[in-house]
Amino acid sequence: MIVRLRHACLTGVLLANTTAYAGEPSSLVPAKLTESADVAFCAAGPRVGVSPLRRLTRFEYNNTVSDLLGERVAGLQSFPEEGGSGFDNNADLSIAARIHAQKYLSAAERIAAKATADLPKLLGCKPDGKRELPCIRGWLKTFGERAWRRPLSRAEFKTFDVLYHNLRKEDDPTTSVRLILTALLEAPRFLYRIEESQPAAAHELVALDDYEVATRLSYFLWGTTPDTILLQKARQGRLHRPDDILKQARRLMKDVRVKIVVRRFFDQWSGVTLLERLQKEQKKPQTWKTLAIAPLLRQQFDRFIDHVMWESDGTIATLLTTPVTFVNKALGDYLHMETTAEGDAFVQTSKDGDKRAGILSLAGFLAMQAKVNETSPIKRGMFVREQLLCQIPPPPPPNLMMTDLPPPNGDVQTVRERLEDHRLDMGCNKCHKLFDPLGLAFENFDTYGAWRDKEMNSPIDASGAIVASDVDGDFNNLPEMAARLARSQQVADCMVRQWFRFALGRTESKADQCALAELSRRFTRDGHRIPKLLEAIVTSEAFLYRAADRTQMAAVEVAR
């Protein structure tokens, strides 16, 4: 996600008769999740927020088709845009218009045409003579369950069976199966993750059935449809006990696909997803483009995430403070790093480790949180405030005229000096003191993410202070700030919130306070290890229940 600079003053000036923000930073400090939950509310039984109807994202659609048919899907750019709360799977903001329905139909037709080119391979049998109907019906039963993530009902099976019979009056088996497959892939039950378990009488919560749990598990941890083992467990009714669910989650987390999903979380959380689109003023003629730096930064970022999550201890502390990074020869040279790397292969290094602080010092992240031609302590500081502390500073004062940071002038040359001069306006300082000092910790890293000791021939001063947090205090550089943040319960709680949003495809609500408090307790008990947080989420009330929402039930009726 790109941090939106929508807060007070930013790099602007106040007009006359403006009322500046009068609150104090302490008002930003959220209570700990374990302290903010209403004890009586939680004691009354499971409570969860409303689960919106979730459509497959482009990533999920592509993976699902690939796992079902072995085909990657072209033309996904024309599918509906996704996004919100930083993640592309936020169903609260997922909208599909008529044009998108047409795109889904076109995609289904292309996929079906390609899949039926070798009909016996698709069906697993030859549909000829007396074996035709048993072959088709066997495939329809098996594929229907995999595609719709639950068995076809008798009525659904009969509908497709009759349809095939009618199609065969005029077409051959290949054409008839192609049209059946198209219908399966364009149906709402394929495109949407519909949950239709019925609530018990007078109950506001619905326990998900085994197939619905299998679907949530698979799309959260793998980004794709349930595999044959999950479907088998669902068929056997063995996915409603937490122990059984945890066992399957741990199986899924041993697969390489969970690495891809975890990378996607951190890519979107940090903004690195958009790195290939980033425009930069060239340090040397065309080096950013000709050396293809952006793809290298993505590789470095993903390699770092893999290392922290699966080769190290997976803790927040390691994520924020490890001196380890990964470079190849071209990237090491570009970032002015000492390295033994030769050629294209990335190697692990911790040289100059006293300059780095985990994910916050990765060049891809730093380049995204900067301007085209200079650093941006505002953007970088806002990231810390919003995405690590989960604090949203107050809105800008009314009648604010937004302008860019003034250029160097006279004695005011460096970015730090220009920001300090800007904060002399007390109306601006009210809010800028919340994020400017945090962003200044990154000043040793230029707009490309490379290390620098000086700016405008002046030594870099990367000192600052954290305020309005549970780890307030001064720091001298980025590693010191990161070390403070790594000790913060607010940061740990924010990580819980971020993963909760990613797993459930929605923003948390008041009804989720009990589930969030329990996740926070378990996360702390497990030493703030993020893989353990994923295990806690899949066995949480929020993951295993849904609210009996009339809107979703109406959508289910439409899908029927």
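Read the figures in this text as sums done on the coordinates, not as results from a lab. Treat the numbers as computed from the prediction; the structure is a model and nothing was measured. No Cβ is skipped: glycine too gets one built from the backbone with ideal geometry, and neighbour counts run over all protein chains shown.
A cut-off of 5 Å between modelled amide H atoms, ignoring neighbours fewer than 5 places along the same chain, links THR315 with ILE530. Since only THR116, PHE143, LEU133 are under comparison, the one whose Cα sits farthest along the positive direction of the charge dipole of the stretch 54-193, derived from C-beta charges on Lys, Arg, Asp and Glu, is LEU133.
Between SER312 and ILE229, the contour length at 0.36 nm per residue exceeds the Cα-Cα span by 27.0 nm.
Calculated on C-alpha atoms, the gyration radius of the stretch 246-361 divided by its Kirkwood radius gives an Rg/Rh of 1.00.
Remark: MET309, MET368 ranked as MET309, MET368, counting other beta-carbon atoms within 10 Å and listing the fewest first. A DSSP coil position with no more than 12 other Cβ atoms inside 10 Å describes the following GluC sites (Glu not before Pro) in the stretch 310-389: GLU338, GLU342. The order of the peptides 435-445, 234-244 by mean Cβ neighbours within 10 Å, most packed first, is 435-445, 234-244.
Run the helix sum for the chain: -39,500 (n - 2.57) per DSSP H stretch of 4+ residues, divided by residue count, reported at 222 nm to the nearest 500 deg cm²/dmol.
On the way: 27 runs with 265 residues, N = 560.
That calculation yields -14000 deg cm²/dmol at 222 nm.
Would you mind ranking LEU163, LEU69, LEU231, LEU519 by Cβ crowding within 10 Å, fewest neighbours first? List each step's numbers first, then the result.
Numbers: LEU163 14, LEU69 20, LEU231 23, LEU519 27.
Ordered by Cβ neighbours within 10 Å, fewest first: LEU163, LEU69, LEU231, LEU519.
R0 = 41 Å: FRET efficiency of GLU35 with SER463, Cβ-based, nearest 0.05? Mind showing how you got there, number by number?
Working: r = 32 Å, r/R0 = 0.77.
Approximately 0.80, to the nearest 0.05.
Among the listed pairs LYS280/LYS379; LYS32/LYS379; LYS114/LYS259; LYS280/LYS430; LYS233/LYS254; LYS141/LYS233, those whose Cα-Cα separation exceeds 21 Å are LYS32/LYS379; LYS114/LYS259; LYS280/LYS430. Applying the criteria of a DSSP loop state and at most 10 other Cβ atoms within 10 Å to the trypsin sites (Lys or Arg not before Pro) of the stretch 123-177 yields LYS169.
Positive end of the dipole of the chain (Cβ unit charges, origin at the Cα centre): among TYR211, PRO394, PHE160, the Cα lying farthest that way belongs to PHE160. To the nearest ten degrees, helix 58-69 and the longest principal axis of the Cα atoms of the chain are 30 degrees apart. For the chain, the residue among LEU320, LEU419, CYS431 whose Cα projects farthest onto the positive side of the dipole built from Cβ charges is LEU320. Across the stretch 54-193, Cα-Cα pairs farther apart than 17 Å form 61% of the total.
In this Cβ point-charge picture (+1 for Lys and Arg, -1 for Asp and Glu), the stretch 47-178 has a dipole of about 400 debye about its Cα centre. Which residues in the stretch 204-243 place their backbone N less than 16 Å from a point set 7 Å from the Cα of THR142 along the Cα-to-Cβ direction? Of the residues in the stretch 204-243, 227-232 have backbone N under 16 Å from the label point off THR142.
Phi angles across the stretch 465-475 convert, under the Karplus curve 6.51 cos²θ - 1.76 cosθ + 1.60 with θ = phi - 60°, into 3J(HN,Hα) values of 8, 9, 10, 6, 8, 9, 9, 4, x, 7, 9 Hz, Gly and Pro given as x.
Relative to the dominant Cα principal axis of the chain, helix 489-504 is inclined by about 30°.
Dipole size of the chain about its Cα centre, with +1 on Lys/Arg Cβ and -1 on Asp/Glu Cβ: approximately 1900 debye, rounded to the nearest 20.
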